[in-house]
Amino acid sequence: MESNLWRSLWKTKVPPKVIHFVWKAITGCLPTRTQLYTKHVPVQLDCPCCSREEESIFHVLVTCNFAQSCWNLSSVPTAVIGGTAFGDWIEQLLVKCQPVVFEEALMVAWAIWKARNELLWNKNVTRAAEVITTATTVLNQWKTAAANRFSPLPAVVNNTSNHDNNWTAPDAGFLKVNVDGAVFSASGSFGVGGLARDSNGQLIEAFCMHKAGCFQPSLVEAIGVKEALSWIKNKGWEHVTLETDSLVVVQALQSNVVMHSVFGSTITYCLNLLKSLSHVNVCFVKRSANNAAHCLARGACYWSDCIFVGSNVPTAISTAVMADLAVLS
């Protein structure tokens, strides 16, 4: 591979671990079954993803049926990219594609390999849509962190200076809403839970929802914030502090990086909701200060799409609220 092409590859704006992965794939150092066999390792040669062909680097990352199903969901024009070696294929992508598409290609290739390893070592089957979600989410999160240009909006506060590991009551005249998300991998679903309390720590109302879908935790947390903001808007509440234990979501709300993904669209939706609300801000807190919302989210698979007030609040939630009150007193 020409030196200028190497330079272009190393300058690509993707996580270093992805660059390292691509470098290993191009130089033939990726431990596919074919590569291991050439090193005299006694292994089966068939691809663990399709069981139809030998698992070469080019096959598992590009031509395998599973890989093709992933590429078909991406923006990468694989149909017009030829070649029989991964290095040649990457070189053509670099020449023919826009930088943002080339970045996506590297991320998808890395996510395909990650899914292959999950199947081979943990017997976990990853769907093509999950591969694309992983690729875009990891890239967006890395770009958000790498940009390091957080200029907090008035409605978004990174409350990392909070010295208290426990829940704290809002000021008089304010409400505090805590929200959390939970992923239920076994059932391919996720849950969201939130609750509102007054300045005395008394529970006003709580909600939880349970939906089908295999999403990254960061996206589930973002959906949770979106649902909580929508709930606040529907209630007509003002002077509200919304707390989440997802630093990724709070940083994304603060960032000026445009994220072309479901996660990015959810963040944009949250920002638009914040603009429509009066005196509502979003803060990051530690998990220990978000226990009640965590209980709600984890219990969403049992209390699907419920609103809790007064005497119908589940015992587990009442206990968590009382524990927060005990710390206040």
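The values are calculated or read from the model by the stated rules, or taken from the named source; none is laboratory data. Only a predicted model underlies this, so the values are computations on that prediction, with no experimental measurement involved. Methodologically, a virtual Cβ is constructed for each residue, glycine included, from the backbone with ideal geometry; neighbour enumeration extends over all protein chains shown.
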Problem set entry | Only one of Val249, Val220, Val258, Val225 that is touching a residue at least 40 places away in the same chain (Cβ under 8 Å) and not assigned by TED's automatic domain parsing to the domain that holds Glu104 | Val225
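Any residue at all in segment 276-291 that is part of a helix (DSSP H, G or I), in contact with a Gly (Cβ under 9 Å, 6 or more places away or on another chain), touching a residue at least 40 places away in the same chain (Cβ under 8 Å) and not polar (S, T, N, Q)?
In the first step, residues of segment 276-291 are kept if they are part of a helix (DSSP H, G or I); the result is 276, 287-289, 291.
Now drop any that are not in contact with a Gly (Cβ under 9 Å, 6 or more places away or on another chain), which leaves none.
Within segment 276-291, none of the residues are part of a helix (DSSP H, G or I), in contact with a Gly (Cβ under 9 Å, 6 or more places away or on another chain), touching a residue at least 40 places away in the same chain (Cβ under 8 Å) and not polar (S, T, N, Q).
Given the options Val183, Val220, name the one that is within 13 Å of the chain's Cα centre (by Cα) and surrounded by fewer than 21 Cβ atoms within 10 Å (Cβ to Cβ). First the steps, then the outcome.
Working: Val220 fails: surrounded by fewer than 21 Cβ atoms within 10 Å (Cβ to Cβ).
So the residue among Val183, Val220 that is within 13 Å of the chain's Cα centre (by Cα) and surrounded by fewer than 21 Cβ atoms within 10 Å (Cβ to Cβ) is Val183.
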Problem set entry | Condition check for Ser51: assigned by TED's automatic domain parsing to the domain that holds Glu118 and either within 23 Å of Asn140 (Cβ to Cβ) or assigned to a helix (DSSP H, G or I) (or both) | no
Problem set entry | Candidate set: segment 300-325, residues that are under 19 Å from Trp231 (Cα atoms) and among the hydrophobic types (A, V, I, L, M, F, W, C); chosen: the one surrounded by the most Cβ atoms within 10 Å (Cβ to Cβ) | Ala300
Exercise. Can you tell me which residue in segment 160-203 is modelled with the lowest pLDDT, limited to those that are farther than 25 Å from Asn234 by Cβ and not polar (S, T, N, Q)?
Worked result: His163
Exercise. Val258: among the aliphatic types (A, V, I, L, M) and either surrounded by fewer than 22 Cβ atoms within 10 Å (Cβ to Cβ) or in a loop (DSSP other than H, G, I, E, B) (or both), yes or no?
Worked result: yes
